[in-house]
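Report on the structure given below.
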Amino acid sequence: MGALFQQLHLSFWALIFVLQLGQNARGASESAVVYGTVSINGNAAIGRIDGDYVCATLDWWPPEKCDYGTCSWDHASLLNLDLSNIILLNAIKAFSPLKIRLGGTLQDKVIYATGDSQQPCPSFVRNSSDLFGFSQGCLPMSRWDELNDFFKKANVRVIFGLNALNGRIPLSDGSMGGPWNYTNAASFIGYTASKGYSIHGWELGNELSGSGVGARIGAAQYAADMFSLHSIVLKVYEGFEIKPLLLAPGGFFYANWFQELINKSPPNSLDVVTHHIYNLGPGVDEHLIEKILDPNYLDGEANTFRNLENTLKNSKTSVTAWVGEAGGAYNSGHNHVTNAFVFSFWYLDQMGMAATHDTKTYCRQSLIGGNYGLLNTTTFAPNPDYYSALLWHRLMGREVLSAKFSATNKTRAYAHCAKDSEGLALLLINLDGKNTVHVDVATDSAISLRVSNHRHKHSKRKSVRAGRVQKSSSMGIREEYHLTAKDGNIQSQTMLLNGNILAPTQDGEMPSFDPIKVISSEAIVVAPFSIVFSHIPDIDFHVCRS
């Protein structure tokens, strides 16, 4: 009885806490309560993500990169980022490992200062008459050495975006033609391997697919160039037990172009197709928040995920899909939107949606830099999306389950097998600023529940819901992580976890994520404009044990 009383006492105060969250988020206005059920189908996984699904990018943009009169990149470039910053190191190590894609627009103007380059090593210089608005730039091998020392220390899985425009000539149709001149890239890959630097993948080109952004290459030529890259990698990594992945095209999805690339790529010359997402439009758009909070607008990106998934399935290929760069709003994002609490609604929803369509990895633009960095560009302090990403990384397992919420499309629900533990991991996003949502969890395919297997008279569905099923002799407990904005301001850059501010310690360590514990039979209370991760060990599926 003592243990039961303790659990009931714990659950009571947890419930009081989440109800207070709802009241605080509402402010002075009254809100209704929405009751609904999220139905989980655990008969089979609908997708399977990489264990290191969360990925981030580092870019080449120098401080002179400006958009709409604002220069937001400071010293966040691969060439000048302060690698001695302890917060940067600890923020990356918290993932252990974190995939980082090195690339971006200027990667196709980078030369590598190996001994074979036979060229000077210039810095990027702003020039509006040049392609992409900057002159050619260079990566010194001394800087590459420094970066790799840091990546090893931080436990980074590196994906490097290679210059795919080297040697091209403009064609009459506006595309860039001729074969890729891979001499400098081959020298760089050889240098990298000779130094023992671990590269998870080599990616060719940035936003050159379809109609391109500034420049484009035909799919057939791209496939031929990928074969050249494949041949280089085979030669350089001969005798290596594990060889780097080969990725392309790092651009926007065009169904016919991607289909042709896949069809014309020789066997084993392409492992991953990568596509970019900036579905919110330009960073200067004054309606970004409206778009983020509009479930119908968010659902639009599902077409891209679905079409790419079908393209790969119909091609009967082993090639997989990644989101290689996703900043939401292009041209560096929007201050106090894409680096604020509100952007976690977009970010987590897109990651959840991509996973349901068998996307294996999701790379956020950027780790640092612009107005959409996971880390503040000048202080390195984590922005809200950093904590959202880290919670996803720690809780959401590889197997993706179907989850459907019955009551309102303003509540988004995503379910995975729990990561490195038993049970279910559930993500709930409340886009509604007025209504608190009470969520019951139901499944007809669980193989074990700590709550009773008593069946309701009119349904064979097992349901975790207060007052509808009887507790077994051992009352189950779930863990909840409630994310809210400081003072209820969704444009705040301060995130609260269960009412407590998330911030690095004085020593630059990332904060701990301490859940509240609730009796599993009670509804999950999702306050207005809030996000809840929940780990429910009581619900288990065969697919989660494979």
Pairs of Cα atoms under 8 Å, at least six residues apart: use those to get the relative contact order of the chain, whole percent. 20
Give the percent of DSSP beta bridges with both residues in the chain that are antiparallel, rounded to the nearest 5. 50
Under a 1.4 angstrom probe, counting protein chains only, how are 444, 349, 432 ranked by accessible area, largest first? 444, 432, 349
May I ask for the longest run of the chain untouched by GluC sites (Glu not before Pro) that are loop-located per DSSP and have at most 11 neighbouring C-beta atoms (other than their own) within 10 Å? 287-546
With N set to the number of residues, divide the alpha-carbon radius of gyration of region 230-310 by 2.2 N^0.38 Å and report two decimals. 1.52
Carbon + sulfur, % of accessible area of the chain - ligands and nucleic acids excluded, 1.4 Å: 49
For helix 384-395, report the angle its Cα long axis makes with the longest principal axis of the Cα atoms of the chain; keep it between 0 and 90° and round to the nearest 10°. 70
Treating region 67-173 as a set of equal point scatterers at the Cα positions, no solvent, please give the Debye-formula log₁₀ I(q)/I(0) at q = 0.19, 0.24 Å⁻¹. -1.12, -1.44
Cα centroid separation - region 484-546 against region 103-159, whole Å: 39
Explain nothing, just the number: relative contact order of region 238-295, from Cα pairs under 8 Å at least 6 residues apart, as a whole percent. 39
State, as an integer percentage, the relative contact order of region 124-196 based on alpha-carbon contacts under 8 Å between residues 6 or more apart. 15
Sorted list, accessible surface of protein heavy atoms, 1.4 Å probe, largest first, for 353, 176 is 176, 353
The chain accessible area per residue, 1.4 Å probe, protein heavy atoms, integer Å², reads 40
Which distance in Å, rounded to a whole number, links the C-alpha centroids of region 76-101 and region 212-270? 28
Leaving ligands and nucleic acids out of the surface, order 230, 75, 416, 200 by accessible area at 1.4 Å, largest first. 75, 200, 230, 416
Computed for region 249-324: size of charge dipole around the Cα centre, +1 on C-beta of each Lys and Arg, -1 on C-beta of each Asp and Glu, debye to nearest 20, value 500
In a solvent-free Debye calculation with one equal scatterer on each Cα, what is log10 I(q)/I(0) for region 328-397 at q = 0.16, 0.18, 0.20 Å⁻¹, listed in the order of the q values? -0.51, -0.65, -0.79
Quick one: angle between helix 255-264 and the longest Cα principal axis of the chain, in degrees between 0 and 90, rounded to 10, please. 60
Ellipticity estimate at 222 nm from DSSP helix runs (n ≥ 4, -39,500 (n - 2.57)) divided over the chain, nearest 500: -8000 deg cm²/dmol
Where chymotrypsin sites (Phe, Trp or Tyr not before Pro) fall in DSSP loop in region 172-266, at most 12 other Cβ within 10 Å: 240
When the Kirkwood radius is taken over all Cα pairs of region 272-411, what Stokes-Einstein diffusion coefficient follows at 10 °C and 1.306 mPa s, in µm²/s? 101
In this structure, the FRET efficiency calculated for residue 235 and residue 195 from their beta-carbon separation, with R0 = 22 Å, to the nearest 0.05, is 0.85
Would you please name the chymotrypsin sites (Phe, Trp or Tyr not before Pro) within region 117-152 that are DSSP coil residues with at most 14 other C-beta atoms within 10 Å of their C-beta? none
Among 45, 113, 87, which residue has its Cα furthest toward the positive end of the charge dipole of region 23-143, with +1 on Lys/Arg Cβ and -1 on Asp/Glu Cβ? 45
Dipole of the chain, Cα-centred, from +1 at each Lys and Arg C-beta and -1 at each Asp and Glu C-beta, to the nearest 20 debye? 1660
Find the centroid of the Cα atoms in region 164-205 and in region 287-302, then give the distance between the two in whole Å. 36
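The values are calculated or read from the model by the stated rules, or taken from the named source; none is laboratory data. In this text the structure is predicted, and so the values were computed from the model without any measurement. Glycine also receives a Cβ, built like all others from the backbone with ideal geometry; neighbour counts cover every protein chain displayed. For accessibility, only protein heavy atoms count, side chains too; no ligands or nucleic acids. Shrake-Rupley method; radii C 1.70, N 1.55, O 1.52, S 1.80 Å.
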